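Scroll down for the structure; my scribbles are underneath it.
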Amino acid sequence: MESVLTIQNVVKKYGSKTVLSGVNMNIKKGDIYGFVGENGSGKTTVIRLITGLIRANGGEFSLFGADSRSPEIYAARKKVGAIVETPSIYLNMSAKDNLLMQSELVGKKDEEKCKKVLEQVGLLDLYSEKKQAGNFSLGMRQRLGIAMALLGEPEFIILDEPMNGLDPAGIVEIRELILKLNRENGITFLISSHILTELELVATTYGIISKGKIVREITAEQLKNECRHYLEIFTDEPEKVKELLGKKVKENDLMIIGGAVRVFGEVDLNEVLGDIIGENIKLNKVNTVQSSIEEYYLSILGGAKNA
């Protein structure tokens with residue numbers, strides 16, 4: 001399938017501090033790419049590079065086949081709509097006036113187009129309203145920001161934490177809007193978010209970034225298979241159990257959370273329990289649990305931090 005964005009070994013430094021150290025990503029046409037990472041992991045820096053707000057110190061990327069170092073990159077960026085951190089909305093202006101100003105910036109004032117994009121995001125009623133955007137709910141502002149991005153008829157939309165701070169109803173509205181634009185308009189999305197349970201409902205592919213590196217790219221189907229069962233062992237000596245099991249289980253498959261030892265991967269339950277009992281370690285309880293996307297993320301992040 002055709003790639004919209006390919007990033008290869010991109011490095012970004014601010015002075016002596018390396019923010020991105022060899023980032024590799026691939027977003028295919030039609031993807032909803034969930035971009036996941038802890039605060040300071042480099043998500044927003046990657047987005048700023050793609051949109052041309054900053055330049056890389058090393059590596060390269062291509063956007064719609066245009067190399068980032070070639071003149072063609074400027075035409076490629078015209079196919080991209082982005083909301084980085086917060087929507088660029090004039091809070092003292094109405095939805096209509098915000099859109100008319102934006103339409104003039106991307107071409108010419110076009111009232112019909114402004115109506116069309118408001119209808120696409122479910123805000124057509126605001127077209128005749130004089131209410132200022134500063135009085136809109138946060139969810140309405142996010143949708144207005146997306147409407148402004150749609151004026152350029154983008155094929156690729158980048159959203160930086162679009163659900164951050166929204167109430168449950170606002171989150172549902174943004175989620176349904178993303179799915180609608182993806183399915184009906186064929187728009188590819190890159191969505192940076194820390195709300196993993198929401199990403200799980202929209203993403204087709206995930207990129208997990210930690211300390212300036214992509215530590216895993218995985219499809220939604222692969223993730224479903226990876227979110228496997230794990231063994232949860234409750235004991236008064238979790239560190240001792242972890243050390244004991246570390247002789248047979250990979251380090252990345254062992255975690256201590258809430259005083260319990262979690263063992264991922266294929267293990268022989270009888271053998272594990274036999275080893276623990278053989279060391280005279282008291283067992284309080286043993287569970288088998290289906291892991292969630294958040295637990296999978298934590299297990300990957302734990303491995304990245306220990307690498």
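The values are calculated or read from the model by the stated rules, or taken from the named source; none is laboratory data. Model, not experiment: these values are computed from the prediction. With ideal geometry, Cβ positions are generated from the backbone for all residues, glycine too; neighbour counts draw on all protein chains shown. Ligands, DNA and RNA are excluded from the accessible area calculation, which covers all protein heavy atoms including side chains. Shrake-Rupley method; radii C 1.70, N 1.55, O 1.52, S 1.80 Å.
Note that the range 49-57 has calculated 3J(HN,Hα) couplings of 5, 4, 7, x, 6, 9, 10, 7, 8 Hz, one per residue in order, obtained from phi through the Karplus relation 6.51 cos²θ - 1.76 cosθ + 1.60 (θ = phi - 60°); glycine and proline are x.
Put a dot 7 Å past the Cα of E271, heading toward its Cβ, do the same for Q290, and the two dots end up 2.7 nm apart. For the range 181-195, backbone nitrogen atoms closer than 13 Å to the point 7 Å from M1 Cα along Cα-to-C-beta are found at 182-183, 186-190.
Can you give the relative contact order of the chain as a percent, counting alpha carbon pairs under 8 Å and 6+ residues apart? Before the final figure, lay out each step's value.
Numbers: 554 pairs, mean separation 59.7, N = 307.
Once divided by the residue count of the chain, the mean separation gives 19 percent.
The slack in the chain from R183 to K116, taken as 0.36 nm per residue of separation less the alpha-carbon distance, amounts to 22.4 nm.
The stretch between E279 and N164, if pulled fully straight at 0.36 nm per residue, gains 36.6 nm over its current Cα-Cα span. The range 236-307 and the range 19-73 have their alpha-carbon centroids 36 Å apart. What you get for the range 1-140, charging only the Cβ of Lys and Arg (+1) and of Asp and Glu (-1), is a dipole of about 360 debye around the Cα centre. Run down the aspartates and glutamates and flag those whose C-alpha is under 17 Å from the C-alpha of K213, throwing out any fewer than 8 positions away in its chain. By straight Cα distance, K213 reaches E38, E60. Ellipticity at 222 nm from helices only: DSSP H runs of n ≥ 4 in the chain, each -39500 (n - 2.57), divided by the residue count, give -10500 deg cm²/dmol. Students often get this wrong, so try it: which of [x] 44, 23, 16; [y] 28, 27, 17; [z] 36, 21, 19 is semi-axes √(5λ) of the Cα gyration tensor in Å as calculated from the structure shown? For semi-axes √(5λ) of the Cα gyration tensor in Å, the calculated option is [x]. The relative contact order of the range 1-150, computed from alpha carbon pairs under 8 Å that lie at least 6 residues apart in sequence, is 20 percent.
Accessible surface area normalised per residue over the chain is 51 Å², counting heavy atoms of protein chains with a 1.4 Å rolling probe.
Computed over protein heavy atoms with a 1.4 Å probe, the carbon and sulfur contribution to the accessible area of the chain reaches 47%. Length gained on full extension, Q132 to E239: 32.8 nm, using 0.36 nm per residue less the C-alpha separation. Among 38-51, 81-94, 273-286, 144-157, the peptide with the highest mean count of other Cβ atoms within 10 Å heads the list, and the full ranking is 144-157, 38-51, 81-94, 273-286.
Dipole magnitude for the chain: computed about the Cα centre from +1 point charges on Lys and Arg Cβ and -1 point charges on Asp and Glu Cβ, it is near 1060 debye.
Highest-first packing order for the peptide set 171-180, 244-253, 198-207 is 198-207, 171-180, 244-253, based on the mean count of other beta carbon atoms within 10 Å. Cross-link check: pairs K79/K211; K78/K108; K17/K78; K180/K211; K17/K224; K78/K109 evaluated at a Cα-Cα cut-off of 25 Å; pairs beyond the cut-off: K79/K211; K17/K78; K180/K211; K17/K224.
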